[in-house]
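The values are calculated or read from the model by the stated rules, or taken from the named source; none is laboratory data. Keep in mind that this is a model prediction, so the values were computed, not measured. No Cβ is skipped: glycine too gets one built from the backbone with ideal geometry, and neighbour counts run over all protein chains shown. Heads up: the accessible areas ignore ligands, DNA and RNA and are worked out on the full protein's heavy atoms, side chains in. Shrake-Rupley method; radii C 1.70, N 1.55, O 1.52, S 1.80 Å.
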Amino acid sequence: MNTKKNNLYKIQLAELALKDGSPANKTVEFEFENHDDVFDIIELVKTKKLFKDEAKAVEFGIGLKMFSEVLITNQDKDFFKALMPAFGAFMKGLKAYNQD
């Protein structure tokens, strides 16, 4: 799965509690590739202080990199084509963001 130009990661996700009180017992584990170092992205998001809660920075960094990799590698799909200009503008704004 891992090509030399991509980093390989593994995610393990487990339900801990459900809002309706039913038993939480689902898990999923998978590997994914990304052209960026996801840990560097997490640290960059933390440094930019986008969120007061550091856990939100981690959640955002991982989610953003996973979504953007899928978006980029599938940009020929009609449902992603319309999103590409807005996502590009969002990423430019995010990269330029400085906490005042």
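Observations on the structure shown:
- From Asp20, Asp40, residue being modelled with pLDDT of 95 or more, open to solvent by 50 Å² or more (accessible area, probe 1.4 Å) and part of a helix (DSSP H, G or I): Asp40
- Conditions (1) open to solvent by 50 Å² or more (accessible area, probe 1.4 Å); (2) more than 13 Å from Leu94 (Cα to Cα); (3) part of a helix (DSSP H, G or I); (4) not polar (S, T, N, Q): number failed by Asp76: (3)
- Taking (1) assigned to a helix (DSSP H, G or I); (2) in contact with a strand residue (DSSP E or B) (Cβ under 8 Å, 6 or more places away or on another chain) in turn, Leu94 satisfies each apart from (2).
- Count of region 23-36 residues which are open to solvent by less than 60 Å² (accessible area, probe 1.4 Å) and farther than 15 Å from Ile11 by Cβ: 2
- Residues considered: Lys65, Lys49. Of these, the only one that is surrounded by 12 or more Cβ atoms within 10 Å (Cβ to Cβ), among the basic types (Lys, Arg), within 20 Å of Asn7 (Cβ to Cβ) and in contact (Cβ under 8 Å) with a residue 12 or more places away in the chain is Lys65.
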